[in-house]
Amino acid sequence: MNRLRLLALSSGLLALAACDNPAPSRLKPESIPLAARPAAAPVVSPIEWDSVGQGFAKDGKPLRTVKLWSFDGSTDGFVLTGGEALPMAGPGLKLTNKVRDPTLRSPSGLALDGSIGNLVIVRLTRTRAGGAWDGTLFYSTPNHPEAAGFRAVAVAGGNPPLNQVTILAYDMTALAEGGSDWTSSVIDQIRLDTDDDIGGTFVLHQIAIVQKP
């Protein structure tokens, strides 16, 4: 009898401990501390921008473009929550972060097939640092909103240096969290987090969703 009571007590303690430690996938994106976010290494991207063909290429071969935003005199529907996103005199979108953890979102209703558009490319210039670089890419689908359990980090081009055009590549077939959710979903909207603090400024040249070669 005593042994049965001990087993029951142990089971109860384990259940209580599990309740005190919620799964990370249930956390909101904003609740992920920077120390817990995978640091993006400053790896040179093998992808380049083809100014003649007006598209991205890898090893000189054009990548199949599913969606491309070029910010030529327009915001292209992107909104920076916690800052300003203003078109420049020439092509490009100037981002100015005015609060902690600003968030740049694409237009919603993209209706993109994640199994085809499975590589997200961001070409930007970091003109002023405002705290630590974040660089996490979140997204939403008709089945779920933005969440910490569905996110990607750059596999190339992370932590952009100042005043240098940088290409960030996000392999959506290998999410930091979310498994195969992107490739099995219709993508409604994407969100990019840049610097985590006030004062960061960027020029956003292009964002594209392409098919991996």
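The values are calculated or read from the model by the stated rules, or taken from the named source; none is laboratory data. On a predicted model such as this, the values are computed, not experimentally measured, just so you know. For neighbour counting, all protein chains shown are included, and Cβ atoms are generated from backbone atoms with ideal geometry for every residue, glycine included. Areas reflect the complete protein model, heavy atoms only, side chains present, ligands, DNA and RNA absent. Shrake-Rupley method; radii C 1.70, N 1.55, O 1.52, S 1.80 Å.
Residues that are within 14 Å of the chain's Cα centre (by Cα), under 23 Å from Ile47 (Cβ atoms) and among the aliphatic types (A, V, I, L, M) do not occur anywhere in segment 141-150. Quick test of your reading of the structure: Ile207 fulfils all but one of (1) at pLDDT below 95; (2) surrounded by 21 or more Cβ atoms within 10 Å (Cβ to Cβ); (3) within 22 Å of Arg64 (Cα to Cα); (4) out of contact with any Ser or Thr (no Cβ under 6 Å at 6 or more places or on another chain). Name the failing condition by number. Of everything listed in (1) at pLDDT below 95; (2) surrounded by 21 or more Cβ atoms within 10 Å (Cβ to Cβ); (3) within 22 Å of Arg64 (Cα to Cα); (4) out of contact with any Ser or Thr (no Cβ under 6 Å at 6 or more places or on another chain), Ile207 misses just condition (1).
Restricting attention to segment 54-81, the residues that are open to solvent by 40 Å² or more (accessible area, probe 1.4 Å), on the phi < 0 side of the Ramachandran plot and not polar (S, T, N, Q) total 9. Suppose the filter is under 20 Å from Val79 (Cα atoms), acidic (Asp, Glu), crowded, with 22+ Cβ neighbours inside 10 Å and out of contact with any Cys (no Cβ under 6 Å at 6 or more places or on another chain); does Asp188 pass it? No. For segment 148-181, filtered to residues that are of a type in the set (A, V, I, L, M) and not in a strand (DSSP E or B), the residue that is modelled with the lowest pLDDT is Val155.
Any chance segment 147-156 includes a residue that's buried (at least 21 other Cβ atoms within 10 Å of the Cβ), more than 15 Å from Thr194 (Cα to Cα) and not hydrophobic (A, V, I, L, M, F, W, C)? Checked against the condition, which is being buried (at least 21 other Cβ atoms within 10 Å of the Cβ), more than 15 Å from Thr194 (Cα to Cα) and not hydrophobic (A, V, I, L, M, F, W, C), segment 147-156 yields no hits at all. Among the residues that make up segment 99-111, is at least one of them part of a loop (DSSP other than H, G, I, E, B), touching a helix residue (DSSP H, G or I) at 6+ places or on another chain (Cβ under 9 Å), under 23 Å from Phe56 (Cβ atoms) and polar (S, T, N, Q)? No: zero hits.
To keep it simple, each residue is scored yes or no on (1) surrounded by fewer than 22 Cβ atoms within 10 Å (Cβ to Cβ); (2) at pLDDT 95 or above; (3) among the charged types (D, E, K, R); (4) farther than 28 Å from Pro46 by Cα.
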| residue | (1), (2), (3), (4) |
| --- | --- |
| Arg100 | yes, no, yes, yes |
| Arg105 | yes, yes, yes, no |
| Gly117 | no, yes, no, no |
| Ile121 | no, yes, no, no |
| Thr125 | yes, yes, no, no |
| Gly130 | yes, no, no, no |
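Every condition in (1) touching a strand residue (DSSP E or B) at 6+ places or on another chain (Cβ under 7 Å); (2) among the small types (Gly, Ala, Ser); (3) open to solvent by 50 Å² or more (accessible area, probe 1.4 Å); (4) more than 15 Å from Ile190 (Cβ to Cβ) holds for Ala111 except the one numbered (4).
Return yes or no: is Asp197 touching a residue at least 60 places away in the same chain (Cβ under 8 Å), open to solvent by 20 Å² or more (accessible area, probe 1.4 Å) and either over 12 Å from Phe150 (Cβ atoms) or touching a helix residue (DSSP H, G or I) at 6+ places or on another chain (Cβ under 9 Å) (or both)? Here the answer is yes, as Asp197 does meet what is asked.
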